[in-house]
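Let me begin by presenting the structure, written as C-alpha cells, before commenting on it.
Only the coordinates and a few stated rules stand behind these numbers; no lab work does. Everything quoted here is computed from the prediction, not taken from an experiment. Cβ coordinates were reconstructed from backbone atoms using ideal geometry, including for glycine residues, and neighbour counts include every protein chain displayed.
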Amino acid sequence: MKWVSVGEAREMPRPEIVLGFRSLCLVKVADDDAWYMGSLYEDGSIDCWTAYDDLQEALRGL
C-alpha cells in the first residue's frame, strides 16, 4: 500500500481492513486508530490521501 501526501509517496504497514467502494476505499492499519480514504486500483494497489479519526467520519467523507 502506498500513502500519497503532498506529492511524495511512502510505504505504509499492511492494512488490517480494506473496505472497497468501486474505485474508492477506506483503510484501517493495525497500529493506527485512524481510517484512511484512497483510490483502489484494479491491480490491488491503494493510494491514500485523507485520514479520518473514526469510521463514521470516514464514511461521511465518501
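A simple spin-label model places pseudo-atoms 7 Å from Cα toward Cβ; at A51 and D33 they are separated by 1.2 nm.
Per-residue Cβ neighbour counts within 10 Å put I17, I46 in the sequence I17, I46, beginning with the fewest.
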